[in-house]
Amino acid sequence: MLKICDVKLKQGRFNLSIENLFFKAGDLILLIGPNGSGKTTFLKALAGLINYTGDVFINDTKSESLGFKERAKNFGYLPQRISFSEMLVKDFILLGRFPYTRILSGYSENDFNVAKKTATDFGVCEYLDRDVSGLSQGEFQRVMLAKVFAQSPKVLLLDEPTTSLDIGYKHSVREQILDYKKANKDSVIVISTHEPELFENFSDGFVMLKNGKVFKHGSQNLYSRNDFNELFDLK
């Protein structure tokens, strides 16, 4: 479903090198590693937001060959942070449906219904007529999640989706992610997280990154305490 082949890139002094990874349809993969290990860079590369060498295949299609809208239908990316001003929450969430619009047409009734549903799912309907710049970090985090879910991508790339959320919302977001996985059995979900315990027993695999390279990867949560200690240089 998603295959990464010899992806390499350089940003300043940082080098990312991912040789070969394969995720099958239905997988929920945890991306784990210390700050500066390359997690965000890797997700941005998969989303097509930064240039790299190598290939990323979705099914048998090179993602590099996809046009902007087609890539957006296939890859949805939730960043850690983003700055927007003078935009209503309802319009921001609706942006997730932009890949499905046609050149001479606006949003369809289905687009509005999908946006409304994701706003309801993430409990942000009360913010729809507010400006995104006036939201707290936790509120905006949920609004961003609603937007990327409204996009209905085949590959969902989430960069620390539970950051800035209280414990109740962390569990709520986890349930929304699991519901998305259940409803979209041909999807792949990759979650960068410093809270792997939140997804323990729910993930299908993991990738540990360290210094821009794969330290270890495998199925489910099959990494040892020693692996974890060495990954984070714990003694």
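Fully extending the segment from Lys170 to Thr53, taken as 0.36 nm per residue of separation minus the present Cα-Cα distance, adds 38.6 nm. The ranking of Glu160, Glu70 by Cβ neighbour count inside 10 Å, starting from the fewest, reads Glu70, Glu160. Among Thr40, Thr53, Thr118, the ranking by other beta carbons within 10 Å of each residue's beta carbon, starting with the fewest, stands as Thr53, Thr40, Thr118. Axis of helix 167-183 versus longest Cα principal axis of the chain: the two differ by about 90°, to the nearest ten degrees. Across all directions, the shadow cast by the convex hull of region 80-235 built on its C-alpha atoms averages 11.1 square nanometres. Region 100-162 and region 11-77 have Cα centres lying 22 Å from one another. The mean sequence separation of alpha-carbon pairs under 8 Å and at least six residues apart, normalised by the residue count of region 82-152, gives a relative contact order of 51 percent. Summarising the label geometry, the points placed 7 Å from Cα in the beta-carbon direction at Leu234 and Arg13 lie 2.7 nm from one another. Dividing the convex hull volume of the alpha-carbon atoms in region 82-152 by its residue count gives 87 Å³ per residue. The modelled label-to-label distance for the pair Arg81/Lys213, using points 7 Å beyond Cα in the direction of Cβ, is 3.1 nm.
Throughout, read-outs are computed from the coordinates displayed, never taken from laboratory work. Keep in mind that this is a model prediction, so the values were computed, not measured. Methodologically, a virtual Cβ is constructed for each residue, glycine included, from the backbone with ideal geometry; neighbour enumeration extends over all protein chains shown.
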